[in-house]
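One structure is given here, and the rest of the page talks about it.
The values are calculated or read from the model by the stated rules, or taken from the named source; none is laboratory data. Remember, it's a predicted structure, so these values are computed and weren't measured experimentally. Ideal geometry is used to build each Cβ from the backbone, glycine not excepted, and the neighbour counts take in all protein chains shown.
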Amino acid sequence: VQILHPFAGSIQQYAVKITGPDRHRPNHCPQCQARHSLTAHGFYGHTLVDAKFDGTIRVRRYLCRSCKRTVSLLPDFALP
Ligand SMILES: [Zn+2]
C-alpha cells in the first residue's frame, strides 16, 4: 500500500530527508492498524517526469511486522 506524504521543499531536499529511516517512519500500520512503528525496508525507484525534474527518485519502504505487508511513503509531488 502507498501512503501519500506531504514533503515541502525541493526534490533534492526530499532525497536527503528520506535517507534516514526514522524521520518519516509511520507509527502504526495503515493496513492492519497495528500500534507499533514500522520497520524500514529499503527503497524502490520511482520514475518521475516533471517540468522541473526528469529521473528516478527513491521511495522509502517500510514493513509491518504484524501483517508482513509493505508500506511505501510516496511523496505528494510524485503524483501525476
Ligand atoms: Zn500491518
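Tabulated results
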| read-out | value |
| --- | --- |
| Residue satisfying condition, being surrounded by 13 or more Cβ atoms within 10 Å (Cβ to Cβ) and in contact with a Ser or Thr (Cβ under 9 Å, 6 or more places away or on another chain), within set His46, His36 | His46 |
| Pairs, first more than 8 Å from the ligand (Cβ to nearest atom) in the range 20-33, second of a type in the set (S, T, N, Q), C-beta under 8 Å, six or more apart | Arg25/Ser37; Pro26/Ser37; Asn27/Ser37; His28/Ser37 |
| Hits in the range 1-12 (condition: closer than 13 Å to Ile57 by Cα and surrounded by 11 or more Cβ atoms within 10 Å (Cβ to Cβ)) | Ser10, Ile11 |
| Unmet requirement for Gly42, which otherwise passes all of (1) at positive phi; (2) of a type outside the set (D, E, K, R); (3) at pLDDT below 95 | (3) |
| Hits in the range 1-19 - residues which are touching a strand residue (DSSP E or B) at 6+ places or on another chain (Cβ under 9 Å) and away from the ligand (no atom under 16 Å from the Cβ) | Leu4, His5, Pro6, Phe7, Ile11, Tyr14, Ala15, Ile18, Thr19 |
| Residue in the range 37-54 that is more than 15 Å from Val1 (Cα to Cα) and within 12 Å of the ligand (Cβ to nearest atom) present | yes |
